[in-house]
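What follows draws every value from the coordinates through simple rules; no lab data is involved. Computed from a predicted model, the values in this text were never measured in an experiment. Every residue, glycine as well, gets a Cβ built from its backbone with ideal geometry; the counts of neighbours run over all protein chains shown.
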Amino acid sequence: MPKMKTKSGAKKRFRVRGGGSIKRSQAFKRHILTKKSTKNKRQLRGPTSVHSTNAAAVAAMLPYA
């Protein structure tokens, strides 16, 4: 059988942690930051996990992760 291809958009956006959860970066912190509060921007820092309802779909895009 041929190898399965990884979705190239998904491999740029997601990483699989050691425990199996999928890490993603936060949205809404790229531009138009002047109208967002400092608290909001601070809480958008750092990675977070993919929600459990989407984890199976993301894992299907990363077959060898």
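Applying a threshold of 32 Å to the alpha-carbon distances of LYS11/LYS41; LYS7/LYS29; LYS7/LYS35; LYS5/LYS35; LYS12/LYS39 flags LYS7/LYS35; LYS5/LYS35 as lying beyond it.
Between helix 52-61 and the chain, what is the angle of the helix's C-alpha long axis to the longest principal axis, kept within 0 to 90° and rounded to the nearest 10? Result, in degrees: 50.
Over the chain, what is the mean sequence separation of C-alpha contacts under 8 Å (at least six apart), divided by residue count, expressed as relative contact order in percent?
Numbers: 54 pairs, mean separation 27.3, N = 65.
It comes to 42 percent, rounded to a whole number.
Its Cα centre serving as origin, the chain has a Cβ charge dipole (Lys and Arg +1, Asp and Glu -1) of approximately 400 debye. When the P(r) is computed for the stretch 8-61, the part past 19 Å accounts for 38% of the Cα-Cα pairs. Dipole of the chain (Lys/Arg Cβ +1, Asp/Glu Cβ -1, origin at the Cα centre): which of SER49, THR6, SER21 lies farthest to the positive side? With unit charges placed on the Cβ atoms, the residue in question is SER49. Which one, LYS12, LYS29, LYS39, has the greatest fluctuation when you compute a Gaussian network model over the chain with C-alpha springs under 10 angstrom? Of LYS12, LYS29, LYS39, the Gaussian network model singles out LYS39 as fluctuating most.
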